[in-house]
Amino acid sequence: MSFWEFTVDASYFIAAVLFIVGLKRMGSPKTAKAGIKWAGIGMVLATVVTLWHPDLDAGFFRYLLIFLAIGIGGGGAWYTAKKVQMTGMPQMVALYNGMGGGAAAAIALVELYSHSAFMHGTTVLILAVVGALIGGVSFSGSLIAWAKLEGKMSKTIRLPAQHLINAGIALLIVLLGIVIIASSDGAPVLVTLFFIASLVFGVFLTNPIGGADMPVVISLYNALTGLAVAFEGFVLGNPAMIIAGTVVGAAGSLLTLLMAKAMNRSVSNVLFAGFGVDDGAQG
Amino acid sequence: MITGFVALYIFMLAAFTGYEIIGRVPAILHTPLMSGSNFVHGIVLVGAMVALGHGEGFWETLIGFIGVILAAGNAVGGYVVTERMLEMFKSSKD
């Protein structure tokens, strides 16, 4: 193990500890403000050290692209997050969560297109494909949630026989997923189709849900993004992503149940109440 | 690579940790915690950086580039929003 390999692994370990301690501290009113700072330190540490990651032995151009992308994404998010009104917070959480889901899906796509995901056995391949699906659904679903809360989608569009269409897309996703996993190379066309289908599924799943139920849905997508991040962590062999993603997946799932319970609704009620009904919950 | 039962153990223990963290949390902290955990999965940034670093050809590079933009937005936006939420929470409590 080289010096930098050790440094990266050790830093990821410290970051994982900081995330868990930070989240734990966020669970109590007295320590909540310190908690987010602990997690923030972990994030900065992991990000900086990743520049020396052994799988990232890229030339100057790649580093330039990385810095440029972090500047665009981070700068844009910083500006919008500082500017938004307090009442607009929930949709911003949805927006940033969707971005995380999209990032997880992007990792899956790169690993599938480049065939890296096909080199480590079937389990890794399945995780890559399922992670792409969950990340894609979370991405488009969160964007719809954001658009609805932001008031950009005041009218809920319902197609006739929406649940039949949804079932059809779900079936298509399962079939394409099996074909990709069974094939030895995963044709880029199939991977692209699979990803588009998961985006469409996320849109159709979120579209009928009314604004009042959105916090529960955002929390659900938050948990799903965490799970997608964990799955892609397995694909990349990245323990920081595995641990942080899984912790968020579990914590987010429980939070979703608690939030639904606080509203006297069940999660399946929230998700499927709008299907096939004209006067479902609307915000 | 982390595979087989070691992977399963890590997954199980991390899931248990996440469950335990939320266990006895007052309802008023649910939304900040959702936002905080939204920030934590911004760690996807490190994976996106690696993906952009080793993607080959135009399309893989472009998707990796978009991935890093999205991941950075998740991490930075998640942090700022959570901090602002907790700020408000504190001042309304005092």
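What follows draws every value from the coordinates through simple rules; no lab data is involved. Keep in mind that this is a model prediction, so the values were computed, not measured. Neighbour counts are summed over all protein chains in view; Cβ atoms, including those assigned to glycine, are modelled from backbone coordinates with ideal geometry.
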Point to revise | log10 of Debye I(q)/I(0), alpha-carbon scatterers only, for the range A:169-254 at 0.16 Å⁻¹ | key: -0.81
Practice item. May I ask you to compute the full-extension gain from A:Ile196 to A:Met86, defined as 0.36 nm times their residue separation minus their alpha-carbon distance, rounded to one decimal in nm? Key: 36.2 nm
Study note, to complete from the structure: Projecting the Cα atoms of A:Met86, A:Val235, A:Ala10 onto the charge dipole of the protein assembly as shown, where Lys and Arg contribute +1 and Asp and Glu -1 at Cβ, the residue farthest towards the positive end is A:Met86
Practice item. Take peptide A:108-116, look around each residue's Cβ out to 10 angstrom, count Cβ atoms belonging to other protein chains, and average those counts. Key: 6
Point to revise | Candidates B:Glu60, B:Glu83, B:Glu20, ranked by Gaussian network fluctuation over chain B, Cα under 10 Å, top entry | key: B:Glu20
Practice item. Provide, as a two-decimal number, the C-alpha radius of gyration of chain A over 2.2 N^0.38 Å, N being how many residues it has. Key: 1.04
Check your understanding: In the Gaussian network model of chain B, springs joining C-alpha atoms below 10 Å, which of B:Ala15, B:Ala71, B:Ala48 carries the largest mean-square fluctuation?
Key -> B:Ala15
Point to revise | Electrostatic dipole magnitude of the protein assembly as shown [Cβ: Lys, Arg +1; Asp, Glu -1; Cα centre; debye, to 20] | key: 1320 debye
Check your understanding: Got a sec? How would B:His54, B:His41 order by Cβ neighbour count within 10 Å, fewest to most?
Key -> B:His54, B:His41
Check your understanding: Where is the GNM fluctuation largest for chain A (alpha-carbon springs, 10 angstrom cutoff): A:Ala128, A:Ala244, A:Ala108?
Key -> A:Ala244
Exercise for review: Taking all pairs of distinct Cα atoms, average 1/r, flip it, and tell me the Kirkwood hydrodynamic radius of chain B in Å to one decimal place.
Suggested key: 15.7 Å
Review point. For the residue pair B:Phe16 and A:Ala170, what label-to-label distance in nm results when each label sits 7 Å from Cα along the Cα-to-beta-carbon direction?
Key: 3.2 nm
Check your understanding: Can you list, largest first and rounded to whole Å, the semi-axes you get for the range A:1-87 by taking the square root of 5 times each eigenvalue of its Cα gyration tensor?
Key -> 28, 22, 6
Review point. Sorted from fewest to most neighbouring beta carbons within 10 Å, what does the list B:Arg24, B:Arg84 look like?
Key: B:Arg24, B:Arg84
Practice item. Work out Dmax and Rg for the range A:91-240 from the C-alpha atoms and quote the Rg first, both in angstrom. Key: 15.5, 46
